[in-house]
Structure formats: structure tokens, C-alpha cells
Amino acid sequence: MSLATYHHKRDFKKTSEPVGKKSIKAKAIYVIQKHAASHLHYDLRLEMNGVLKSWAVPKGPSRDPHVKRLAIEVEDHPIAYAKFHGTIPKGEYGAGKVTIWDKGTWKSENSAKKAYQRGNMTFDLFGKKLKGRWKLIRIRIKSAKNPSWLLIKIKDRYATKTH
Ligand code: MN
């Protein structure tokens with residue numbers, strides 16, 4: 001877990017995004033930021049070992065357990081990023097508007113670090129929009145530069161049906 005890639009990609013003299021540093025707190029942060037970059041996507045972030053593990057979800061999460069959403073793992077972000085919203089300037093990495101779509105806390109079923117390393121995470125979200133049990137499963141896509149995962153709602157009282 002390192003913020004080196006996060007720092008490398010950004011010019012903090014030009015963007016108002018936080019510089020941030022590693023930090024560990026009692027309650028694990030969960031946040032989803034809606035990011036209107038060149039392609040609109042939703043950034044899911046889960047606090048783990050002092051950073052925010054991050055996935056870009058192009059179509060956003062679905063509460064329907066039958067719908068699997070692609071979640072592309074991106075670089076770790078600093079904890080301070082959970083509070084970031086605003087506009088990343090034109091020409092900078094990820095240029096476009098960032099809004100906080102949902103926030104709260106999360107809890108891994110077992111060791112979060114081990115589940116992450118295995119590529120099979122089961123966890124509960126305690127957000128305003130998203131609640132209940134979810135899964136992130138790492139999949140193999142040969143051409144993909146970043147690790148690909150699937151974000152899936154587990155059937156519970158917070159699940160919905162779209163088809
Ligand atoms: Mn993004």
C-alpha cells in the first residue's frame with residue numbers, strides 16, 4: 001500500500017486534490033465519488049491499511065444481485081481524498097468534476113487485507129445510498145492494464161431487482 005503513484009500522477013500546484021499521507025483510523029471509511037472525467041464513472045474507495053483502495057466503476061454500482069459491474073482497480077488514494085469534491089483542472093490527471101455520491105463506513109467479513117490479496121472480498125457497506133452485503137471479485141482480462149474486478153450485490157434486504 002503506497003501513495004507514490006497517486007502523487008506521481010498529479011501536480012498539486014495545479015489541482016486542489018489533497019496531497020495526503022498514509023493514516024490509519026478506527027472506523028474504515030467507505031466513499032463513492034461521481035467523477036465526470038473524459039468518461040463518467042464512479043470511484044469506489046475503501047479504507048485499508050492507511051490508504052483508500054480504489055476502483056473506477058464505469059456504470060456505477062447496482063443493487064440488483066444479478067447485475068455484475070466492472071470495477072477497474074486504480075492507484076491507492078490518501079484517506080483525505082474521501083472528503084474531496086470539486087473540479088480537477090483541464091489538462092490535469094482526471095480533469096473534470098468530482099462529487100461525493102455516497103459515504104459511510106465499511107466492514108470486511110474476514111481480514112480485509114487477506115481478502116484483497118486473494119481477490120475475493122465480502123463486505124458490508126454502511127452508506128446512505130448503499131447498504132448491506134457486497135462482493136468484489138478479481139477477474140482476469142488479458143488486455144487490461146489495471147486489475148479488473150466485478151462489484152456484485154449479495155441478496156439481502158437491501159438488494160433490489162431491475163429485471
Ligand atoms: Mn476517477
Got the relative contact order for the chain handy, in percent, Cα pairs under 8 Å and 6 or more residues apart? 24
Taking a probe of 1.4 Å and leaving out DNA, RNA and ligands, segment 4-153 shows per residue an accessible area in Å² of 54
In debye, nearest 20: dipole of the chain around its Cα centre with unit charges on the Cβ of K, R (+) and D, E (-)? 360
Net lengthening on full extension, Lys90/Lys22 (0.36 nm per residue, minus Cα-Cα): 21.8 nm
Which of the peptides 63-70, 141-148 is most tightly packed, and how do the rest follow, going by the mean number of other Cβ atoms within 10 Å of each residue? 63-70, 141-148
Want the number for Lys97 to Asn49: 0.36 nm per residue separation, take away the alpha-carbon distance, what's left? 14.5 nm
Using a 1.4 Å probe over the heavy atoms of the protein chains, calculate the carbon and sulfur portion of the accessible area of segment 4-153 as a whole percent. 54
Filtering GluC sites (Glu not before Pro) in segment 59-99 by DSSP loop and by at most 14 other Cβ atoms within 10 Å leaves none
Using the beta-carbon distance between Lys34 and Lys142 and R0 = 25 Å, what value does 1/(1 + (r/R0)^6) give for FRET efficiency, to the nearest 0.05? 0.25
Approximate shape of the chain as ellipsoid semi-axes (Cα gyration tensor, √5λ), whole Å, largest first: 25, 18, 16
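Taking the mean number of other Cβ atoms within 10 Å as a proxy for protection, how do you rank 117-126, 8-17 from highest to lowest?
Details: 117-126: 16.3, 8-17: 13.5.
Those peptides, ordered most packed to least, come out 117-126, 8-17.
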Cross-link pairs Lys9/Lys155; Lys14/Lys114; Lys22/Lys135 - those with Cα-Cα distance over 32 Å: Lys9/Lys155; Lys14/Lys114
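The values are calculated or read from the model by the stated rules, or taken from the named source; none is laboratory data. Predicted model, so just to flag it, every value in this text is computed and none were measured. Note: ideal-geometry Cβ built from the backbone for every residue, glycine included; neighbour counts use all protein chains shown. Note: accessible area is taken over every heavy atom of the protein model, side chains too, but ligands, DNA and RNA are not part of it. Shrake-Rupley method; radii C 1.70, N 1.55, O 1.52, S 1.80 Å.
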